[in-house]
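Below is one structure, written out as structure tokens; comments come after it.
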Amino acid sequence: MDKDLNALKKLKFYKEFDETIREKILEISEIREYKVNEMIFDEYQELKELFILVEGTVTLGIYVPKKGQINLDTVHPGQLFSWSALFLPV
């Protein structure tokens with residue numbers, strides 16, 4: 001996908017930073033599209049990317065043996081997810 005990041009510029013999260021930081025965010029950002037019900041990552045995956053939802057919703061869940069998928073939260077536009085990417089693995 002083209003690096004059209006105009007949608008990112010409209011998010012409250014982005015507007016909170018000064019111009020220098022916003023430029024750096026744009027330099028390292030990319031827009032990705034996912035299909036409905038497509039898994040973006042699983043709970044065992046080591047993440048190195050922080051996601052900011054631009055549009056739609058994302059359901060965060062975990063798999064529980066003998067119970068199946070348990071939904072924990074729903075992410076909405078402008079919210080961040082995959083916070084574990086900000087921390088070193090233990």
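Derivation of every value follows stated rules applied to the coordinates shown; laboratory data play no part. Remember, predicted model here, so these are calculated numbers, not experimental data. Heads up, the Cβs are rebuilt from the backbone with ideal geometry, glycines too, and the neighbour counts pull from every protein chain shown.
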Checklist entry - Identify, please: which residue in segment 11-23 is basic (Lys, Arg) and surrounded by fewer than 11 Cβ atoms within 10 Å (Cβ to Cβ) and is, among those, nearest to ILE52 (Cα to Cα)? => result LYS12
Checklist entry - Restricting attention to segment 31-45, does a residue exist that is surrounded by 10 or more Cβ atoms within 10 Å (Cβ to Cβ), in contact with a strand residue (DSSP E or B) (Cβ under 6 Å, 6 or more places away or on another chain), β-branched (Val, Ile, Thr) and under 20 Å from LEU11 (Cα atoms)? => result no
Next on the checklist: Please return the ranges of helices (runs of 4 or more DSSP H) entirely within the chain where 3 or more residues are free of Cβ contacts under 8 Å to residues at least 12 places away in the same chain and of a type in the set (D, E, K, R).
Outcome noted: 19-28
